[in-house]
Amino acid sequence: MILLSLISVLFVGGLIAWASESVDANYPKVVALIAIIIELAIVVLLLLQDAGDGGWVASIDAPWIPRFGISFYLAADGLSVLMIALTAFLGLIAVGSAWAEITERTGFFYFNLLWTLAGVIGVFTALDLFLFFFFWEVMLIPMYLIIAIWGHENKSYAAMKFFIFTQVSGMLMLIAIVMMAYLHFVEFGQLSFNYQDLLSVSVANPLQFWIMLGFFIGFATKLPSVPFHAWLPDAHSQAPTAGSVILAGVLLKTGAYGLIRFAIPLFPEASAQFAPFAMGLAAFSILYCAKVAFAQSDIKRLIAYTSVSHMGFVTLGIYAWNEQALQGAIMTMLAHGLSAAALFMLAGGLQHRIHTRNMNEMGGFWVHAPRMAVVTMFFSIAALGMPGLGNFVGEFLALLGAFQANTYATVASAFGLILASVYSLWVIQKVFQGGFSDSRFEVSKLRDLDRREMCYFALMMFGLIWMGLYPQPFLNLAEPVLASLLASTQSATMAATLTTGAGL
Amino acid sequence: METIPTEHGLILAGILFVLGFIGVLTRRNIVFVLMSLEIMLNASGLAFIVAAARWGHAEGQIMFLMILTLAAAEVAVGLGLIIQMYRKFQTVDISVLSEMNG
Amino acid sequence: MQEFIWLLPTLPLLGFLSLAITGGSLPKRAVAAIGAGSIGAAFLVAALIAVEFLNAGEEVFVYQAWVWMSVGSFSPGFTFYLDGLSLVMMLIITGVGFLIHLYSTGFMFDDPSYSRFFSYMNLFVAAMLMLVLADNLVLLYLGWEGVGLCSYLLIGFWYENPANGYAARKAFVVTRVGDTSMAIGLFLLFRELGTLNIQDLMIAAQSEWQIGTGMAVACSLLLLGGAVGKSAQLPLQAWLPDAMAGPTPISALIHAATMVTAGVYLIARTHILFELAPSVQLLVAWVGLATLLMAGFTAMTQHDIKRILAYSTISQIGYMFLGLGVGAWSASVFHLMTHAFFKALLFLAAGTVIYSLHHEHDIFKMGGKRKQLPIAFASFMIGSLALAAFPFTSGYFSKDEILLAAYATGGPGVWLWAGGVLGAFLTGIYSFRLVFVVFFGASHGHHDEKEKTGFSMATPLFILMLLSLLGGWIQIPVESVFNHGQAHEEHHVSALIHGIMIAVPLVGIAVSYLFFFSGALSVEKLMSYKFSKILHRFWFSGWAMDALYKHLLINPFMWLARLNRNDFFDALYNSVIAISRSAHGLVAKTQTGYLGWYLISMAAGLTAVLAVGVYL
Amino acid sequence: MSLLFYLAAFVAVISTVAVILQTNVVHALIYLILSLLSVAVIFYVLGSPFAAVLEAIVYAGAIMVLFLFVIMMLNLGQHTRDQEKKWLSLKGWILPCLLAGVLLFQLVSVLSSYDQNMAPETVGVLEVSALLFGPYVLAVELASILLLAGLISAYHLAKK
């Protein structure tokens, strides 16, 4: 029930927010805020629940279309709970960042925002693959609308690109899902989309590899990993700030979550064979996107490329598939959720103030916006992996674990740490350091961060420091989930590792 | 009485169909095109009758009736269109109607 | 008292937090009190801990604050490890650090970002203490990166000038290269030995690896990469001279006394690993030697007072590496300490000179300042004597020990010794070149200036003068760390060797005297030869290392970045769009609108379909 | 009887060829009626008297009269005949004839392997009607709806 309420609060909240616009244009944001706060309260309730059978904290299973073996099956374990908590938290931040920025069609905006969040939470809890796909689409379409309606100068191109990329890859995933259900039919005589049922389906190897590839492409596009990342810079640079926050903070994580939850446990042998390639791709992602990020002059594009680069560490950790690496991947997801969201908010804040994203027109803002400078400095430093902040814990664990699985890819990825420092510091230099030239902007336009903004940046800073210095509560939540996942795939993975010699 | 091979009937239907087909392709006058269409429909009706005769069943005739109905309806609508077209363009040349080019 | 060891990093951290949160709204006196006071308090705590530690018979003490992260068998903690080595380091950091903070309260008083300065400084001290007290390599890495960050922040402290920002980024990125090598080293160590706790690692390494094993060589090489980056040794030394862009007290604290010695500390801390890989250890020695000679030659040609000191720092750290390489662990740490004293003294004195002369850095625009700046003159005199290893100053004892140890190793050790002696000769020349040019001879301008030294700036100078003179007599309690219970071995060498080592710095000073004081020899004359001109230019550029990096690394990277600004993959997808668009155009052309055309194509299609149906 | 079949077939083919070659619309229409009537004869020969009668009445009668009305309404004179002649150039015939030839060849080659004879018995009106108003009543309804739709649209289109 608790899971149902998690999702329905957002759905209903979205509808009310839309309806309330006709009363007063300021009501939707209040409604959205209330919905998110209720959501957070439910998340806290969820955190207090004890794990039941098989480590599931809460679950609900009702028949939906029994004829095709489709059920309304939601369940949450530690991993889902972490992701849901991140979603709810960033939802709050997103509402906060949209508070002053969105002034047109507010009702429909908050409707879309809340529905996206509802879709994301659905993705994080659905254990029926059909339902999973349903939520996958639910989070996609409102996001498309957010970019297409409230975006910046090139919004329809970006929105279309986002939609086509995710939709095409989603279709590949749908084919893979239907194939799995069909194979279940072949083996057990009835269709089933149930995750637990599908885990027991045994698939012969060449076929398994292709189905796994369907899932991988679906998730790798969302993640995103090179070469499926081309939608992200456009979507991010054109989306309104709240859209970027949700996109970078949460939506990208659904891809990684899908890999951990579905792609690898369903196809352990194929994934083990695929792992060296995936890790190589991850290393390439990290280095390539770091390099491209450095060359950007549009600050939002730059941050978008760094996102791809950081998500490379997640892929690397996931495909290393051992405890340290997976914990690292999850910590990176959480920490990057906060740091990237914060950086996008800062970039959005800058754009809101001076109406440009071009870094060549900026410089020396430290004098007039010292608080902003310090906050940007903090999150840039978090992004480049400074120990003591959350990103370091994630990336270090991911690399540490990945090193045990694949030396070359990990060493290559480690060089991403150098490039991360190059582009992070470059942003600081370009925007905040150097001399201020007041010919381009009026100084009064360059307001420093106000109380509301400081408030949510402080929240996110606190989160990153907590993750950086005492990540144990987060690690403990995910630990039993990972233990069971590792145990269930271990024998298969070992066999494949032995046959392909993928150990190095 | 001597019987006729089925294939002869079908080949006749084929010949008539192809003739109608040539008419449709070559003529630019829309009235001729419509007439050629009638020939083609009629040819297919003939094929059904031949089939009915082969099996001694009545279903072939029923299909022919359907084709007949179709032809009647088609001619009614087609002629209506021709009249409309002539009113608009003062010609029966189908090449004039090329507004739907891509 | 030892259980209060957690206070050491905490006190500076609290200072940082209170300064950062108030964000410059505090009055300057309060800032000074918090900034310098927190370090002073930390020094008090460190001193009390030291007394107890020495009284208790130098027993190792471990204090765990909490477990940082526990994932499977990997569970580093916020655990502090106190032994002789970390004790010496923490005393140097808090002691010298406090003196420099005290000096800064006066030196930086006019700066508008007074509070920001002290918050960075406090954060630096906290990170540095974390580094030296860490009992595992992950926590050490936290401190390691932390000091790098603070170094970046402080080099770019005056951010209005883009050159400072460039220097800061250069420092951070170049050291990050080393850090990455070190991080990979950590991964390898964890994979091979299953732990990152330093003591456990050393025990495991000793029991699992033979001397000269490939794995030991790889691990120690990777760690060496980190050490080389942080300690500005070849080939990653290029950042340190540029780092002088920051305020002078920072150069004293970070780029002379403490942070740059972190590499020395790391190697000393993991010396067992290096002993297992003799080839790498020898490499350490050669790296040190090459660096000290390179930096020595370069220092002789520089004009900027701070750059001269920066190159001399690189050179002195080269000596420490040389010492580490020949296994003279305690001598290296000893030199680290004495160097911290006299180099901090030199930098602070240089700060006084610069401060008094309105930010004049060029030594040839100074001259004859010994009357005007008596305290600075005294400081420079003593500091340079110690730097040049003048007999019975602090530098003499430590450098002597290193060179003797090098000589005693035999084989390549003699060459190492000879190189070190040559370095000492160079040190004598460049250190006194500075003294003679700045404080003697004809005066250039700035006649009416008075020395600006208040109480807060003079006191640290006096204390450091004392330490530079007498620091050689201090006994550091590190023997138990390095000798594993064995007795300290005395190096017995002939009197000739001793004589050479005493004489060479004096000869260097004498040469310097002839060139820059008496004028018996002339630089101009020397420079009139073409060969010496080329050599001068080569040395002046720091052996062209900057240009090498620029052409080898930076330019290709920039070229690649610029080339692919628009992301090759985007072009890939755009070409898909272009292809489908042109295909669509092609198909649209078939849409002629002529009924006849449609009929023909339909007929052709029908025939084709029939053909397939009939013949297949 | 088979002689009658081949005779009627000959007439049908010849008159159809005449239809597509004619330049005068009215003449073409007459030839078309001739062709339809000969097909009606074939129907009769093949034992479908009901279909033959319908062919004569509905096709050759009603539908062709519709054509005639329209041709009269359009009042296409000498001018149209000249134009027709111009349009019927040899060049325009080559491709259609080629295609049609291929098509016919395909049809014949398929059909020639089919060497069964047709049953001689006649299927009269009774059987057809019994089926038509029995199992195929739905088809009749559909046909009526189609005719109704044709009626309405023809009325609508022809209206000024």
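Could you please put C:Asp179, C:Asp200 in sequence from largest to smallest accessible area, using a 1.4 Å probe?
Largest to smallest exposure gives the sequence C:Asp200, C:Asp179.
Of B:His57, C:Ile476, A:Met180, which is farthest along the charge dipole of the protein assembly as shown in the positive direction, counting Lys and Arg as +1 and Asp and Glu as -1 at C-beta?
C:Ile476
Using the Kirkwood radius built from alpha carbon pairs, what does the Stokes-Einstein equation give as D for the range C:361-468 at 4 °C and 1.567 mPa s, in µm² per second?
83
Report Rg/Rh for the range A:241-285, rounded to two decimals, where Rg is the Cα radius of gyration and Rh the Kirkwood radius.
Computed over Cα atoms, the ratio is 1.12.
Hey, could you pull the Cα Rg and Dmax for the range D:3-90, both in Å?
Values for the range D:3-90 (Cα only, Rg and Dmax): 14.9, 45 Å.
Give me the angle, in degrees from 0 to 90, between the Cα long axis of helix A:27-48 and the longest principal axis of the Cα atoms of chain A, rounded to the nearest 10.
So the helix axis and the longest Cα principal axis differ by about 40 degrees.
Helix A:407-431 against the longest principal axis of chain A: what's the angle in degrees, Cα atoms only, rounded to the nearest 10?
Around 20 degrees separate the two axes.
Which lysines, on any chain, are close to C:Lys589 with Cα under 26 Å apart, when same-chain ones fewer than 8 places away are left out?
Within the straight-line limit of under 26 Å, C:Lys589 reaches these lysines: D:Lys91.
On each of the three principal axes of the Cα atoms of the range C:70-143, give max minus min coordinate, whole Å, ordered largest first.
Computed over the Cα atoms, the extents are 52, 27, 11 Å.
Expressed as an acute angle from 0 to 90° and rounded to the nearest 10, what is the orientation of the C-alpha long axis of helix A:299-320 relative to the principal long axis of chain A?
It is inclined by approximately 20 degrees.
Report, as a whole number in µm² per second, the diffusion coefficient that Stokes-Einstein gives for the range A:327-394 at 25 °C and 0.890 mPa s using the Kirkwood radius over alpha carbon pairs.
This corresponds to a translational diffusion coefficient of 191 µm²/s.
Starting from a Cα-only point model with no solvent, please compute log10 I(q)/I(0) by Debye for the protein assembly as shown at q = 0.04 1/Å.
Taken in order of the listed q values, log10 I(q)/I(0) reads -0.39.
Students sometimes get this wrong: rank C:Lys170, C:Lys589 by accessible area, probe 1.4 Å, all chains present, largest first.
C:Lys589, C:Lys170
Pairs to check: C:Lys230/C:Lys525; A:Lys300/C:Lys306; A:Lys430/C:Lys550; A:Lys155/C:Lys170; A:Lys291/C:Lys28; A:Lys222/A:Lys430. Give those whose C-alpha atoms are more than 32 Å from each other in this structure.
Beyond 32 Å between Cα atoms: C:Lys230/C:Lys525; A:Lys300/C:Lys306; A:Lys155/C:Lys170; A:Lys291/C:Lys28.
Where in the range A:163-202 is the amide nitrogen less than 18 Å from a point lying 7 Å along the Cα-to-Cβ axis of C:His584?
A:163-168
If you average 1/r over all unlike Cα pairs in the range C:120-270 and invert the result, what Kirkwood radius do you get in angstrom?
Values: mean 1/r = 0.0641 Å⁻¹.
Hydrodynamic radius (Kirkwood, Cα pairs) of the range C:120-270 is 15.6 Å.
Could you pull out the longest piece of chain A with no exposed loop GluC sites (Glu not before Pro) in it, calling a site exposed if DSSP puts it outside H, G, I, E, B and it has at most 13 other Cβ atoms within 10 Å?
Longest run free of exposed loop sites: A:154-441.
Between C:Tyr529 and C:Ala495, what FRET efficiency comes out of the Förster formula 1/(1 + (r/R0)^6) with R0 = 56 Å and r the beta carbon distance, rounded to 0.05?
Once the sixth-power term is evaluated, E becomes 0.90.
Measure off 7 Å from each Cα along the Cα-to-Cβ vector at A:Arg105 and C:His551, then give the distance between these two points in nanometres to one decimal.
5.8
Can you work out the base-10 log of I(q)/I(0) for the range B:1-73 at q = 0.13, 0.17 1/Å, using the Debye formula on its C-alpha atoms alone?
Each listed q corresponds, in turn, to -0.42, -0.66.
Pick from B:Arg54, B:Arg27, B:Arg87 the residue whose mean-square fluctuation is largest in a GNM of chain B, springs joining Cα atoms under 10 Å.
Highest fluctuation among the options: B:Arg87.
Please identify which residues in the range A:451-488 have an amide N closer than 19 Å to a label point set 7 Å out from the Cα of C:Ile21, following the Cα→Cβ vector.
A:451-470, by backbone N distance to the label point.
Once you mark the GluC sites (Glu not before Pro) that are in a DSSP loop and have at most 13 other Cβ atoms within 10 Å, what is the longest gap between them in chain B?
The reported range is B:3-98.
What list of ³J(HN,Hα) values in whole Hz, one per residue of the range C:272-280 in order, does the Karplus curve 6.51 cos²θ - 1.76 cosθ + 1.60 (θ = phi - 60°) give from phi, with Gly and Pro shown as x?
5, 4, 6, 5, 6, 10, x, 5, 5
Need one number: nm distance between label points at D:Cys97 and C:Ile211, each 7 Å from Cα along Cα→Cβ, rounded to one decimal.
It works out to 10.5 nm between the two label points.
Please pull out the direction-averaged projected area of the range A:142-216, using the convex hull of its alpha-carbon atoms, in nm² to one decimal place.
Averaged projected area of the range A:142-216's Cα convex hull equals 6.0 nm².
What whole-number value in Å² describes the accessible area per residue of the range C:218-313 for a 1.4 Å probe?
Here the residues of the range C:218-313 average 14 Å² of exposed surface.
Taking just the alpha-carbon atoms of chain C, what radius of gyration and Dmax come out, in angstrom?
Over chain C's Cα set, Rg and Dmax evaluate to 29.9, 115 Å.
Under 25 °C and 0.890 mPa s, how fast does chain A diffuse according to Stokes-Einstein, given a Kirkwood radius computed over C-alpha pairs? Answer in µm²/s, whole number. Please report the intermediate quantities before stating the final value.
On the way: Rh = 22.7 Å.
It diffuses with D of about 108 µm²/s by this estimate.
Using the Cα centre as the reference, give the magnitude of the dipole from point charges on the C-beta atoms of chain B (Lys, Arg: +1; Asp, Glu: -1; all else neutral), rounded to the nearest 20 debye.
My answer is approximately 320 debye.
Counting residues in the range C:96-206 as N, plug N into 2.2 N^0.38 Å and put the Cα Rg over that result.
In units of the 2.2 N^0.38 Å rule of thumb, it is 1.31.
I'd like the FRET efficiency for A:Gln196 and A:Gln167, computed as 1/(1 + (r/R0)^6) with the beta carbon distance as r and R0 of 35 Å, rounded to 0.05.
Working: r = 28 Å, r/R0 = 0.81.
E between A:Gln196 and A:Gln167, to the nearest 0.05, is 0.80.
How much accessible area is lost when chains C and A come together, counting both sides, with a 1.4 Å probe, in Å² rounded to the nearest 100?
The summed interface area works out to 4800 Å².
Looking at the range D:11-117, which chymotrypsin sites (Phe, Trp or Tyr not before Pro) are in a loop (DSSP not H, G, I, E or B) and have at most 14 other Cβ atoms within 10 Å? Before the final figure, lay out the partial values.
Working: sites: D:Tyr31, D:Phe43, D:Tyr44, D:Phe50, D:Tyr59, D:Phe67, D:Phe69, D:Trp87, D:Trp93, D:Phe105, D:Tyr114; in loops: D:Tyr114.
The qualifying sites are D:Tyr114.
Restricting things to Cα coordinates, could you compute the convex hull volume per residue of the range C:474-597 in Å³?
Numbers: hull volume 46.7 nm³, N = 124.
Enclosed volume per residue, from the Cα hull, is 377 Å³.
Return the Rg/Rh value of the range A:1-115, two decimal places, where both radii are evaluated on C-alpha atoms and Rh is the Kirkwood radius. It would help to have the intermediate numbers written out before the result.
Numbers: Rg = 16.1 Å, Rh = 15.2 Å.
For the range A:1-115, the value is 1.06.
With just the Cα atoms defining each centre, how far is the range A:187-263 from the range C:551-592? Give it in Å.
Comparing the Cα centres of the range A:187-263 and the range C:551-592, I get a distance of 26 Å.
Taking the Cα atoms of the range D:68-160 alone, what are Rg (to one decimal) and Dmax (as a whole number) in Å?
22.5, 54
What is the extension gain from C:Asp111 to C:Arg562, computed as 0.36 nm multiplied by their sequence separation minus the C-alpha to C-alpha distance, in nm to one decimal?
158.5 nm
Please sort through the DSSP H helices of chain D and keep those with an alpha-carbon extent of at least 18 Å along the long axis and a Kyte-Doolittle average not below -1.0.
D:2-21, D:25-45, D:90-111, D:137-158
What does the helix-only formula give at 222 nm for the protein assembly as shown: each DSSP H stretch with n ≥ 4 adding -39500 (n - 2.57), the total divided by the residues, and the result rounded to the nearest 500 deg cm²/dmol?
Mean residue ellipticity, 222 nm, calculated: -24500 deg cm²/dmol.
Let me confirm one metric for peptide A:225-236, namely the mean number of other chain beta-carbon atoms within 10 Å of its residues' beta-carbons. If you can, show how the numbers build up before the last one.
On the way: counts 0, 3, 4, 2, 3, 8, 2, 0, 3, 1, 0, 0.
Mean partner shielding for this stretch: 2.
The values are calculated or read from the model by the stated rules, or taken from the named source; none is laboratory data. From a predicted model like this one, the values you see are computed outputs, not experimental measurements. When we count neighbours, we look across all protein chains shown, and the Cβ atoms used for this are built from the backbone with ideal geometry, even at glycine. Side chains included, ligands, DNA and RNA excluded: accessible areas come from the protein's heavy atoms. Shrake-Rupley method; radii C 1.70, N 1.55, O 1.52, S 1.80 Å.
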